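What follows is a set of notes on a single structure, which appears directly below.
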Amino acid sequence: MLSDAARAEILAHRERYPEGRQKSAVMGALHIAQAELGWLSPEVFREVGELLSLAPVHVAAVATFYTMYEKEPAGQHVIDVCCNISCMLRGAYEILEHIEQRLGIKRGETTADGQITIREQECIGSCSTAPALQVNYRFHENLTIEKVDAILDQLLAGQPVASPEEVTHG
Amino acid sequence: MAERRILLEHLDVPNAHTLDVWRAHGGYASLDSLFAKEPAAWVDEVKASGLCGRGGAGFPTGMKWSFLAKGTGKPTYLVVNCDESEPGTCHDRQLVSRLPHLLVEGIICTCWAIDAHHAFIYIRGEYAYGAERLEAAIAEANAAGLLGQTINGREFPLRITVHRGAGAYICGEETALLSSLEGDKGQPRQKPPFPAVAGLYAAPTIVNNVQTICSIPYIVKHGAAWFAGINLEPESKSPGPRIVSVSGHVQRPGVYEIENGTPFRELIYDICGGMLPGRDLKAVIPGGSSMPMLPKDVILNTTTSFESIRAAGSQPGSGAIIVMDDSTSIPHAIWRIAKFYAHESCGKCTPCREGNPWTVKILGRIIAGQGDPRDLAILDDIAETMEKNSFCPLGIAAAWALQGGLKHFRHEFEALCQG
């Protein structure tokens, strides 16, 4: 169930679009729901549909089209390792394999405690700062094995990791 | 030869993302000139500047604006395409994260020129930080009277909505983007009608890339002739500063701003510091993974003007320049690119939906050393089928990427297909 706060946020989000165009708010509504619940269940499709006067099947069709919407529970921290061409040329698969080894799971899997999911990702827009990954959609770039180990150490210790981009950008 | 920073001039200024700092560096000065001219005059000015769209297709921006349907009784919309998902491309992310007010300024100028009162920025979902920076800039602009009912005291209602995507390359294609923005699956639509006639909510709509819109304030401030003069090849029809993302095996990959016509040789060996130690250049993809790669001897005799890249057999695309050295297996690189298109095909049309997974399967066995001598002919056939029959540019892009590798490095594939 969505909280009252999330429902209010979705209704406010609807106002960003012209009158009568509340269908446009479905993607934002799903982002809001996922931020609160971690993933999108059929129950969420029904709730979002109700808030935006849309059929639940339409909400489900949208949710299943886009890769960022989780259709089943993912780890608390999702690590997306870009392995597309620019990152691959700079050693992305070595980074991904290193993470797999350290966590003892394969790409697409989640650690047994539900903490960390790792995925092979398509281009995330960090090509000139490759190799790169995102932790919960926050960038970590110009990676080395040492930098990756530091990120994993923090995550395994239950500490938040800050994106260097967001710390150092003036 | 060095960079020539115009749009990126203030990129490294601390807090350039804030209104105060942006203004202290000349931000929003374009508005002083903007309202002195009627909207139609700005459409002509942008036409005269020679600005071509920076998103991928390179269509002349002023001409696109002039196609807007008039007298429809519907509002006109501006949609800024910040879906930036073409592999190799990462410069719009820098613009929205670090210079968000430049985009807001460009939106104001453009909306005045095309008489739009509601603009949307469609930003890919993975750019969470960029979306936050845009929201903050828009809030600042609203509070400062730069958006809202009036702009700098002039009656001109304008609002900007940031719309976050959720992971779908296809939404960079303008009609798929519009479907997504309307709250449907991001699948492309038949053209015509083009968005300028029936776009968002079936109303006249201009869809322009981030960098295109960020160029507008400079044309407003300095004029068409100044913009057209940023051009090392006087005969080139694609003048102006161009931001490129250089990635791959160079010493200094990065986001750079160069003059139209800067030679690739200088971009790679001077601006980017040359190849990694002990390595030699092998091939370059000059416009994002969708464009055919060019081998060393061709690219080193090519410049970054649209005409030069096209004459060499590729396209300027998104401005993503992917540099590969002699350690690169071209079949392996093409396999990775094909895997991307197979993942991102939206499933609407058969050539793309079926052609891409088959390409990956065949390339997979080729790079595993289990290729069959007949495989290359099959790949040629799949590429031709996708190129000629796909519904939208995604299938065509997949074909071009494959064909570039097969054309220039066929011997590498053949060596892996000895049966």
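The values are calculated or read from the model by the stated rules, or taken from the named source; none is laboratory data. Model, not experiment: these values are computed from the prediction. Counting neighbours? That spans all protein chains shown, and the Cβs are built from the backbone with ideal geometry, glycine included.
Laid out as a table, the results:
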| item | result |
| --- | --- |
| First in segment B:233-248 and more than 14 Å from every other protein chain (Cβ to nearest Cβ), second anywhere and charged (D, E, K, R), Cβ under 6 Å, 6 or more apart | B:236/B:307; B:241/B:257 |
| Selected residue (criterion: farthest from the other protein chains (Cβ to nearest Cβ)) from residues of segment B:58-110 that are free of Cβ contacts under 8 Å to residues at least 24 places away in the same chain and small (Gly, Ala, Ser) | B:62 |
| Of the criteria (1) over 22 Å from residue B:164 (Cβ atoms); (2) free of Cβ contacts under 8 Å to residues at least 24 places away in the same chain; (3) within 8 Å of chain B (Cβ to nearest Cβ); (4) not charged (D, E, K, R), which one residue A:57 fails | (3) |
| Cross-chain or 6+ apart pairs with Cβ under 7 Å, segment B:6-17 first and farther than 13 Å from residue B:94 by Cβ, then at pLDDT below 95 and in a loop (DSSP other than H, G, I, E, B) | B:14/A:170; B:15/A:170 |
| Unique match (being aliphatic (A, V, I, L, M) and more than 11 Å from chain A (Cβ to nearest Cβ)) among B:320, B:383, B:338, B:342 | B:383 |
| Residue that is among the charged types (D, E, K, R), out of contact with any Gly (no Cβ under 8 Å at 6 or more places or on another chain), more than 9 Å from chain B (Cβ to nearest Cβ) and under 22 Å from residue B:131 (Cβ atoms), where the choices are A:146, A:141, A:122, A:166 | A:141 |
| Pair list, Cβ under 7 Å, 6 or more apart: segment A:1-23 residue more than 18 Å from residue A:38 (Cα to Cα) and assigned by TED's automatic domain parsing to the domain that holds residue A:33, other residue outside any helix (DSSP H, G or I) and of a type in the set (Asp, Glu) | A:23/B:182 |
| Test: residue B:95 is buried (at least 23 other Cβ atoms within 10 Å of the Cβ) and either within 19 Å of residue B:215 (Cα to Cα) or β-branched (Val, Ile, Thr) (or both) | yes |
| Qualifying residue in segment B:208-220 (condition: surrounded by fewer than 19 Cβ atoms within 10 Å (Cβ to Cβ) and not β-branched (Val, Ile, Thr)) | no |
| Residues that are out of contact with any His (no Cβ under 9 Å at 6 or more places or on another chain), part of a loop (DSSP other than H, G, I, E, B) and surrounded by fewer than 17 Cβ atoms within 10 Å (Cβ to Cβ), drawn from segment B:254-290 | B:273, B:274, B:277, B:278, B:280 |
| Candidate set from segment A:71-98 (those that are away from chain B (no Cβ under 11 Å) and assigned to a helix (DSSP H, G or I)); member that is nearest to residue A:36 (Cα to Cα) | A:96 |
| Among residues of segment A:1-40, those that are surrounded by fewer than 17 Cβ atoms within 10 Å (Cβ to Cβ), of a type in the set (Gly, Ala, Ser) and over 19 Å from residue B:165 (Cβ atoms), counted | 6 |
| Unmet requirement for residue A:68, which otherwise passes all of (1) within 30 Å of residue B:283 (Cβ to Cβ); (2) within 14 Å of the chain's Cα centre (by Cα); (3) touching a residue at least 40 places away in the same chain (Cβ under 8 Å); (4) facing chain B (nearest Cβ under 9 Å) | (1) |
| Segment B:44-54 - residue that is crowded, with 20+ Cβ neighbours inside 10 Å and assigned to a helix (DSSP H, G or I) and, of those, farthest from the chain's Cα centre (by Cα) | B:45 |
| Failed criterion for residue B:312 (all others in (1) away from every other protein chain (no Cβ under 14 Å); (2) more than 28 Å from residue B:274 (Cα to Cα) hold) | (2) |
| Identity of the residue in segment A:92-104, in contact with a helix residue (DSSP H, G or I) (Cβ under 9 Å, 6 or more places away or on another chain) and more than 17 Å from residue B:343 (Cβ to Cβ), that ends up surrounded by the fewest Cβ atoms within 10 Å (Cβ to Cβ) | A:94 |
| Enumeration of residues in segment B:8-32 that are out of contact with any His (no Cβ under 7 Å at 6 or more places or on another chain), more than 14 Å from chain A (Cβ to nearest Cβ) and surrounded by 16 or more Cβ atoms within 10 Å (Cβ to Cβ) | B:9, B:28, B:30, B:31 |
| Candidate set: segment B:147-183, residues that are part of a loop (DSSP other than H, G, I, E, B) and touching a helix residue (DSSP H, G or I) at 6+ places or on another chain (Cβ under 7 Å); chosen: the one farthest from the other protein chains (Cβ to nearest Cβ) | B:152 |
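Results for (1) out of contact with any Cys (no Cβ under 9 Å at 6 or more places or on another chain); (2) assigned to a helix (DSSP H, G or I); (3) within 13 Å of chain A (Cβ to nearest Cβ); (4) β-branched (Val, Ile, Thr), shown as yes or no for each residue.
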site	(1), (2), (3), (4)
B:187	no, no, yes, no
B:194	yes, no, no, no
B:198	yes, no, no, no
B:201	yes, yes, yes, no
B:207	yes, no, no, yes
B:214	yes, yes, no, no
B:218	yes, yes, no, no
B:227	yes, yes, no, no
